[in-house]
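To start, the structure under review is shown below, and the notes come after it.
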Amino acid sequence: MKLQSVAQRTALATPPVLASRLRGLSDRSIAWLFIGPTMLVLLAINIFPLVWTIKLSFTNFKANRPNATVIGVGIDNYVAVLTDPDIWAAMQTTAHFLFWTILLQTLIGFTLAYLIDRKFRGHGFWTTLILVPMMLSPAVVGNFWAFLYQPQVGLFNYAVAYLSGVPASSFQMLGSVTLAPWAIIIVDTWMWTPYVMLICLAGLRSIPDYIYEAAEVDRASKLRQFWSITLPMVLPFIMLAVLFRGIENFKMFDMVNLLTSGGPGSATELASITLKREAFEKWRTGYSSAFAIILFVAVFGMANIYVKALNHVKNR
């Protein structure tokens, strides 16, 4: 029996008025007919705002004065952003947050994945329990940890006091310039380490058993198997997890905004917090648009370089 084309099958399921028109279309035309509306929606919610932001970045436009005269300022906004010491301070804070969260999440996540991959008794229950923080809303996590960090009634201070002997009320995690950056690092690590663990676990489960069997025949030790088989073969998955978490943490906003709002002072003011202040508190829309474009180009450029390194590792 002759196979029907996509157009013919679509025509059979279409009212007679449109069926005759559909029969004359090619499969490619039918495909575009279905994905066309989706493409238009994606262009409307992604491409148009980007183009509009680029346009605003070359003007002095302020969103709280929509009727004011808009003047083109060239690249002045970009120059102002790149020479603003407050912007560079926010970028340093963001880099500190990125480095420690990615490092801790990768180390802890891979360790948990390696232990769970041993398939000990009850590993399914512990895997589900570990994944709980990742399933929570950032708003819930922010409010939950804000309560835990309270110096008078919060359990975190009492746990530290129990382990170290330091009085629970003698320090404030969210009120100290020194401790506040570490407070948000701890929360983000607690929430997203399970995500890294899942990706690493997928990498560990993808390693064929016969490779380890061959290594045992060659009398390779467990440590040798780890360094020569496990780590090299799971490295692309680790790098993929680092890429995803790096992109997400670079634009981190909601959790930090709930916990500290960038404070105390500017100790936890990440780039996203600074962008929000410039756009919706100072109403420097053109300036903030230029800052947003710079952040986009920075993330896009670094991600492209990283993906090339990832492909190089995968093709070894």
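Overall, the anisotropy analysis places the chain in the oblate class: the square-rooted eigenvalues a ≥ b ≥ c of its C-alpha gyration tensor yield a/c not less than 1.5, with a/b not exceeding b/c. PRO232 sits among other residues whose Cβ lies under 15 Å from its own Cβ, and their net charge, with Lys and Arg +1 and Asp and Glu -1, is +3.
Secondary-structure-derived ellipticity at 222 nm for the chain, considering helices only, amounts to -22000 deg cm²/dmol, per-run term -39500 (n - 2.57) for DSSP H runs with n ≥ 4. With a cut-off of 15 Å between beta carbons, the residues surrounding LEU201 carry a summed charge of +2, where Lys and Arg count +1 and Asp and Glu -1. Screening the chain for whole DSSP H helices with an alpha carbon extent of at least 30 angstrom along the helix axis and a mean Kyte-Doolittle hydropathy of at least 0.5 yields 85-116, 180-205, 285-314. Highest mean packing first, where packing is the average number of other Cβ atoms within 10 Å per residue, the peptides 77-87, 221-231 line up as 77-87, 221-231. Given the pairs LYS119/LYS222; LYS119/LYS251; LYS251/LYS308; LYS55/LYS276; LYS251/LYS314; LYS276/LYS308, which are separated by over 24 angstrom at their Cα positions? Table pairs above 24 Å Cα-Cα are LYS119/LYS251; LYS251/LYS314; LYS276/LYS308.
Nonpolar atom fraction for segment 42-183, defined as the carbon and sulfur part of the 1.4 Å probe accessible area, stands at 71 percent. Neighbours of GLN105, meaning other residues whose beta-carbon lies under 14 angstrom from its beta-carbon, give a summed charge of -1 when Lys and Arg score +1 and Asp and Glu score -1.
Please label the shape of segment 35-102 as rounded, prolate or oblate, based on the square roots a ≥ b ≥ c of the eigenvalues of the alpha-carbon gyration tensor (a/c under 1.5 means rounded; beyond that, a/b larger than b/c means prolate, else oblate). Mind dumping the intermediate values first?
Details: a/c = 2.85, a/b = 1.17, b/c = 2.44.
Oblate, because a/c is 1.5 or more while a/b does not exceed b/c.
Mean-square fluctuations from a GNM of the chain, with a 10 angstrom spring cutoff on Cα atoms, peak among ILE273, ILE71, ILE45 at ILE45.
Amide H contacts of THR59 (H built 1.01 Å from N, in plane; Pro and chain starts excluded): VAL73 sit under 5 Å, all sequence-distant by 5 or more or on other chains. When LYS251, LYS276 are compared by accessible surface with a 1.4 Å probe, the order from highest to lowest is LYS251, LYS276. Taking a ≥ b ≥ c as the square roots of the eigenvalues of the Cα gyration tensor, segment 183-224 is oblate, since a/c reaches 1.5 or more and a/b is not larger than b/c. For the chain, a Gaussian network of Cα nodes joined below 10 Å ranks ARG28, ARG284, ARG205 by mean-square fluctuation, and the top entry is ARG28.
Distance between the C-alpha centres of segment 265-293 and segment 94-161: 29 Å, rounded to the whole angstrom. Considering only alpha-carbon pairs that sit under 8 angstrom and 6 or more positions apart, the relative contact order computed for the chain is 26 percent.
Each peptide in 176-185, 128-137 was scored by the mean count of other Cβ atoms within 10 Å over its residues; highest first, the order is 176-185, 128-137. Full extension of the chain between HIS96 and LYS314 gives 75.6 nm of extra length, using 0.36 nm per residue less the Cα-Cα distance. Fully extending the segment from PHE244 to ILE71 would add 58.4 nm, taking 0.36 nm per residue of separation and subtracting the current Cα-Cα distance.
The values are calculated or read from the model by the stated rules, or taken from the named source; none is laboratory data. This one's a predicted model, so the numbers in the text were calculated from it and none came from an experiment. Here the Cβ is made from the backbone with ideal geometry for all residues, glycine too, and neighbour counts use every protein chain on show. The protein model used for the area step is the full one, side chains on, heavy atoms only, and it has no ligands, DNA or RNA in it. Shrake-Rupley method; radii C 1.70, N 1.55, O 1.52, S 1.80 Å.
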